[in-house]
Amino acid sequence: MTETHHTVGIIGGGITGLALTHYLAEQGVDSIVLEAADEPGGVISTKQVDGHILEAGPQRMRKTPGVAELADAAGVADRFVEAKQEDLYVYADGELGQAPLSVSAFFKTDLLSWRGKARMVAEPLTDNGSPEERAGELFVRKFGQEAYEKFIGPLYGGIYGSDPMEMPAAFALEGLLAQEQKAGSLLQAFRKRVGGGHSAPPVTFEGGNQTLPAALCDTYSDRVHLDTPVTSIEPVDDGRVEAKDGSGPYYLETANESYEVDQAVVTTPADIAGELLSDLGDGTDELDNLRYNPLAMVFLEADHDWVGKGYQVGYGEELHTLGVSWNSQMFGRDGVQTVFLGGMHEPELLQASDERLGEIATREFKEAVGTAASVITVERLDVGFPAWDSSWWLLDDIDLPTDVHMATNYTARMGIPSRVREARQLADELATLEYGTASAETTVSTPADD
Ligand SMILES: Cc1cc2nc3c(=O)[nH]c(=O)nc-3n(C[C@H](O)[C@H](O)[C@H](O)COP(=O)(O)OP(=O)(O)OC[C@H]3O[C@@H](n4cnc5c(N)ncnc54)[C@H](O)[C@@H]3O)c2cc1C
């Protein structure tokens, strides 16, 4: 086995690992990314099937300054495709109604009764949200039961495939609660979060979302190793460097090579992070117990006249469907509609055959949208979706050596812009260190919504 030395070793070539690579390179810090898969991007995964571009992970991202800067650095800034518009719908009481994410939509929509609307705008009469509450309880208390079931619950829970009644506000809503303090309204913060009130438009790329990680991987090909799963992280114990917190530099072990690094950054899903970190820190064996929601995506081809990003299904409806992205209407993706199934709502549905999932998706699509659809293909998420439920309390017990970092979508915000922002902050921090003897702050950031 050969040994190479790098200042920063990054485990995982999803958007976090690749953005971190970019920001470290910008600051002149040497680094390496070891990625298990044979392509970069992690959960950002674009498939080409029968001439269709299909997103088997995130359907879009916000074009924040960080995302725009990364695209520029990777030479794909001219390939952005902006969403044609932001409207979102909810299927409730047997029909699609526009989510009241703007003042005009609020007055126009039939989704909520006048009583439900009046209760919703009574938010200023309610107390501020508290981290002690569940997200769902908090939404009901502030906006009323009707707005929760037909609007806020499905839209917020849909981001995670989770049930907001299972999500402690302390984790799932931390960012929103902070914004509520600033803006004086949780509703304003929520609008910004799910649509309408956000200044950065939703975008994808010609060729799909994976264009960005693929281009970053090409740009930094000297730093990225694909097909190279890390099997363990071992402290170097040869007396060369004074141990810090009982640790030291590390060997990232792979099947064919050992990579010696001063700082290790783990970006992998929780179960793998748990395995890799089990001998290095306290509480890390609990990572395997973080709940993930399984998710299936059925890609349909259909034409319809609705305009917007898609819809979520309201609570209490007799549908299996969690939500649908109108990729065709949003980004001009020739007829493509993406149906999400499973989640915390119905994890056992993932056991069903592709035929059964296709049959459910087409039938329920026709019921909601009013148009027949045909199945292009079915995909299932390998790992699932971090659930942000009460298992997140386990993160409180994690304590890592100062030169081992977690930069993940379950220890901090999940959305792509937030992953990019965290990568930039960590790069800034790592760039200030003197390697070999200095110590860094451990970065298990407080989890928060995105
Ligand atoms: C279905 C879905 C929809 C989403 N929708 C949106 C959206 O619309 N907008 C938005 O902004 N965000 C969305 N998100 C969230 C966002 O896409 C993710 O949080 C983000 O892409 C995660 O990136 P990451 O690099 O942190 O993690 P990952 O993408 O999980 O990357 C981790 C990498 O580690 C690698 N790895 C695993 N084990 C090893 C090992 N032993 N050695 C080396 N490498 C290893 C994996 O192969 C993977 O590439 C969505 C997520 C999902 C799953």
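The values are calculated or read from the model by the stated rules, or taken from the named source; none is laboratory data. Just so we're clear, the structure is a prediction, and the values are computed from it rather than from any experiment. Neighbour counts run over all protein chains shown; Cβ positions are idealised from the backbone, glycine included. Calculation scope for accessible area: heavy atoms of the full protein, side chains included, ligands and nucleic acids excluded. Shrake-Rupley method; radii C 1.70, N 1.55, O 1.52, S 1.80 Å.
Region 280-335: Rg/Rh from Cα coordinates, Kirkwood Rh?
Using Cα coordinates only, the ratio equals 1.22.
Quick one: net charge of P40's neighbours, Cβ under 13 Å, K/R +1, D/E -1?
It works out to a net charge of -4.
Taking the chain as a Gaussian network, where each spring joins two C-alpha atoms under 10 Å apart, which residue of Y410, Y23, Y156 fluctuates the most?
With Cα springs under 10 Å in the chain, the top fluctuation among Y410, Y23, Y156 is at Y23.
State the Cα centre-to-centre distance between region 69-88 and region 292-315 in whole Å.
21 Å
Any number yet on Rg/Rh for the chain, C-alpha, Kirkwood?
My calculation of the ratio gives 0.98.
What percent does the relative contact order of region 100-194 come to when contacts are Cα pairs within less than 8 Å and at least six residues apart?
29 percent
Find the centroid of the Cα atoms in region 160-188 and in region 359-386, then give the distance between the two in whole Å.
After rounding, the separation between the Cα centres reads 29 Å.
With a probe of 1.4 Å, find how much accessible area region 253-334 has per residue, and write the answer as a whole number in Å².
Per residue, region 253-334 has an accessible area of 36 Å².
Considering only protein heavy atoms and a 1.4 Å probe, what is the carbon-and-sulfur percentage of the accessible area of the chain?
Looking at the chain in its full context, I get 46 percent from C and S.
Hey, if you put +1 on the Cβ of every Lys and Arg and -1 on every Asp and Glu Cβ in region 100-194, which of S104, F139, T126 ends up farthest toward the positive end of that dipole?
About the Cα centre, the residue reaching furthest to the positive side is S104.
Helix-only mean residue ellipticity at 222 nm, the chain, DSSP H runs n ≥ 4 weighted -39,500 (n - 2.57), per residue, nearest 500. What is it?
-8000 deg cm²/dmol
Given an 8 Å cut-off on Cα distances and at least 6 residues of separation, report the relative contact order of the chain as a percent.
24 percent
Quote the Stokes-Einstein diffusion coefficient, in whole µm² s⁻¹, for region 100-194, based on the Kirkwood radius over alpha carbon pairs, a temperature of 10 °C and a viscosity of 1.306 mPa s.
Result for D is 120 µm²/s.
Enter the accessible area per residue of region 100-194 (Å², integer; probe 1.4 Å; all protein chains in place).
With the other protein chains kept in place, region 100-194 gives 43 Å² per residue.
Among A56, A372, A36, which one moves the most in a GNM of the chain with springs linking Cα atoms closer than 10 Å?
Greatest mean-square fluctuation among the candidates belongs to A372.
Compute the longest continuous run of the chain that contains no exposed GluC sites (Glu not before Pro); treat a site as exposed when its DSSP state is not H, G, I, E or B and it has at most 14 other Cβ atoms within 10 Å.
Answer - 1-131.
With charges set only on the Cβ (+1 for Lys and Arg, -1 for Asp and Glu), what does the dipole of the chain come to about its Cα centre, in debye to the nearest 20?
Dipole size: approximately 2380 debye.
What net charge is computed for the residues neighbouring L226, neighbours being all others with C-beta under 12 Å from the C-beta of L226, Lys and Arg scored +1, Asp and Glu -1?
That works out to -4.
Please state the charge dipole magnitude for region 100-194, taken about the Cα centre, from unit charges on C-beta atoms (+1 on K and R, -1 on D and E), reported in debye and rounded to the nearest 20.
Value, rounded to 20: 460 debye.
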